[in-house]
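Following: one structure in C-alpha cells, then a few remarks.
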Amino acid sequence: MGDAMPPSERGKDEERSEVLRELESGPSRPLTDEEREAAEHDPGRRPRVYAPESERVPKEPAPEDQAVADGVPTHPDSTHLGLSPSDIRNS
C-alpha cells in the first residue's frame, strides 16, 4: 500500500499522522447496501482477447507516440529520461 502522506509533510502534523495511521492499519469498513448491490451486478473485467498474428493490422501511432519514438522530449524536464548515467554526464 502506498503512503497517503507526502514525505515533505511527514512529522509536521501529529494529529493528521495518527488519523492516517489508524485508517491505513485498521480494518476496512463494511460495504453499504448500494455498494454491495453494485458488486453483485458487476460483471468484472472482460478477459483479454488476442488476435491471431495473421489478423493483426498495424496502426498509425498517435502524434505523441511518434514524438517519443523519435526521441523528442515531451516535457522540458524529461530530456534525461532513457539515458544511462554516463550518457547524462557526457551530454
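Where a number appears in this text, it was derived from the coordinates with a stated rule and is not lab data. Note that the coordinates shown come from a computational prediction; the quantities given were computed from them, not determined experimentally. Cβ coordinates were reconstructed from backbone atoms using ideal geometry, including for glycine residues, and neighbour counts include every protein chain displayed.
From the square roots a ≥ b ≥ c of the eigenvalues of the alpha-carbon gyration tensor of the stretch 19-71, which class results: rounded (a/c under 1.5), prolate (a/b over b/c), or oblate? If you can, show how the numbers build up before the last one.
On the way: a/c = 4.08, a/b = 1.81, b/c = 2.25.
Note, shape of the stretch 19-71 comes out oblate.
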Counting only DSSP loop positions in the stretch 15-64, the trypsin sites (Lys or Arg not before Pro) whose Cβ has at most 10 other Cβ atoms within 10 Å are R45, R48, R56, K59
